[in-house]
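*Asks:* First the structure, then my questions, so here it is.
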Amino acid sequence: MISLAGVNKWYGQFHVLKDIDLTVMKGERIVICGPSGSGKSTLIRCINRLEEHQRGKIVVDGIELTHDLKNIEKVRREVGMVFQHFNLFPHLTVLDNLTLAPIWVKKVPKKEAEEVAMHYLKRVKIPEQAGKFPGQLSGGQQQRVAIARSLCMSPKVMLFDEPTSALDPEMIKEVLDVMIELARSGMTMICVTHEMGFARTVANRVIFMDKGEIIEQNEPEEFFNHPKSERTKLFLSQIL
Ligand code: ADP
Ligand code: MG
């Protein structure tokens, strides 16, 4: 579904991604962890071209990300993204947040878009919030709206960038539960998160990044119980 080969990226002089090789098969659930500033966000943002890589090759569902705008548009339709800060449109109701892209990008008739939106609002367990504005919801509810909004575009892959790190502790579980359910439904997912309970429950592979490199990757059991690199051990000792 996703392949990165020899991917390098610089911000000016700063080498942020160094020779990243990564293959993600359909239905895989990948968790990426690592210290702040290690390039996790940059890496997943390259996968839907929110950031541009300078060297190497990124292919998503057979489509290579180059300067070709058509390809970028195709990839963005297949890849949903959920951010730390929800990024909902504050002046639109929950329902309008969910139907905006299907109506304007996919040209879905309004009524049908609303039916799909309600389906996903039920799936994230907040159908009763459809008529409210984002500012009237809790952080956990807003993040579930953001997840539902992505799902309305029928993505083949979902990228999550620290989706729970801006939430109060009591709201983290309600968002993780939605992500767990999504994983069980077979969605291909890449999640940047430090929620290691989540990683153990749903990930089939955990990747540790440091200073722009993939240092180590393994299935969760091995990764947590027998980390190989000293850097991974140090990181795990700080967060667990
Ligand atoms: P992480 O998500 O692992 O915390 P990021 O991918 O956000 O790391 O950032 C990696 C490094 O790149 C950091 O040192 C950050 O300061 C730097 N960086 C991120 N975005 C930019 C940018 N737009 N311009 C310059 N430097 C950036
Ligand atoms: Mg980040």
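Read the figures in this text as sums done on the coordinates, not as results from a lab. The structure presented is a predicted model; accordingly, all values stated were derived computationally and were not measured. Neighbour counts are summed over all protein chains in view; Cβ atoms, including those assigned to glycine, are modelled from backbone coordinates with ideal geometry.
*Asks:* So what is Rg over Rh here for region 58-192, counting just Cα atoms and using Kirkwood for Rh?
*Replies:* Numbers: Rg = 14.7 Å, Rh = 15.3 Å.
We get a ratio of 0.96 for region 58-192.
*Asks:* Further question: Dividing the Cα radius of gyration by the Kirkwood radius, what Rg/Rh value follows for region 27-97?
*Replies:* 1.01
*Asks:* Any idea what the dipole of the chain comes to, in debye rounded to 20, about its Cα centre with Lys/Arg Cβ at +1 and Asp/Glu Cβ at -1? Don't jump to the answer; show the numbers that get you there.
*Replies:* Numbers: 32 positive and 30 negative charges, 110 e Å.
In total the dipole reaches around 540 debye.
*Asks:* Using a cut-off of 26 Å between alpha-carbon atoms, which lysines can reach K132, once sequence neighbours fewer than 8 places away in the same chain are excluded?
*Replies:* Output for K132: K106, K107, K110, K111, K122, K173.
*Asks:* Under a crude label model (7 Å from the Cα following the beta-carbon direction), how far is M118 from T201 in nanometres?
*Replies:* About 2.9 nm separates the two model spin labels.
*Asks:* Still on this model: Can you give the three extents of the C-alpha atoms in the chain along their principal axes, from longest to shortest, in whole Å?
*Replies:* Between the extreme Cα coordinates on each principal axis of the chain lie 53, 43, 32 Å.
*Asks:* If you only keep lysine pairs separated by 8 or more in sequence, or across chains, how many in region 1-85 come under 15 Å at the Cα atoms?
*Replies:* Values: K9/K18; K9/K40; K9/K57; K18/K40; K18/K57.
Count of close lysine pairs: 5.
*Asks:* Based on other C-beta atoms within 10 Å, arrange R184, R77 from fewest to most. Please list the in-between numbers first.
*Replies:* Working: R184 11, R77 16.
Neighbour counts put them in this order, fewest first: R184, R77.
*Asks:* Among I239, I44, which comes first, then next, by fewest other beta-carbon atoms within 10 Å?
*Replies:* Numbers: I239 10, I44 21.
By the 10 Å Cβ count, ascending, the order reads I239, I44.
*Asks:* Pairs of alpha-carbon atoms within less than 8 angstrom and 6+ residues apart define the contacts here; what relative contact order does the chain have, in percent? Could the numbers behind the result be given before it?
*Replies:* Values: 426 pairs, mean separation 63.0, N = 240.
Here the relative contact order equals 26 percent.
*Asks:* Rg (Å, one decimal) plus Dmax (Å, integer) for the alpha carbons of region 179-240?
*Replies:* For region 179-240, the Cα-based Rg and Dmax read 11.9, 35 Å.
*Asks:* Sorting K122, K18, K111 on the 10 Å Cβ count, fewest up front, what's the list?
*Replies:* Numbers: K122 13, K18 16, K111 9.
So the ranking, lowest neighbour count to highest, is K111, K122, K18.
*Asks:* If you stretched the chain out fully between K125 and N87, how much longer would it get, using 0.36 nm times the residue separation minus the C-alpha to C-alpha distance? All intermediate terms of the calculation are to be shown ahead of the outcome.
*Replies:* Values: separation 38, 0.36 × 38 = 13.68 nm, distance 1.95 nm.
Length gained, K125 through N87: 11.7 nm.
*Asks:* Turning to a different aspect of this structure: Between R184 and K111, 0.36 nm times their residue separation minus their Cα-Cα distance comes to what? Walk me through the numbers on the way to the answer.
*Replies:* On the way: separation 73, 0.36 × 73 = 26.28 nm, distance 2.89 nm.
Difference between extended and current length: 23.4 nm.
*Asks:* Sorted from largest to smallest, which semi-axis lengths in Å does the alpha carbon gyration tensor of region 1-120 give for its equivalent ellipsoid, taking the root of 5 times each eigenvalue? List each step's numbers first, then the result.
*Replies:* Values: eigenvalues 181, 56, 40 Å².
After diagonalising the Cα gyration tensor, the semi-axes are 30, 17, 14 Å.
*Asks:* Let me ask something additional. Set the Förster distance to 25 Å, then compute FRET efficiency between A5 and E222 from the Cβ-Cβ distance, nearest 0.05. Working shown, then result.
*Replies:* Working: r = 24 Å, r/R0 = 0.98.
Result of the calculation: an efficiency of 0.55.
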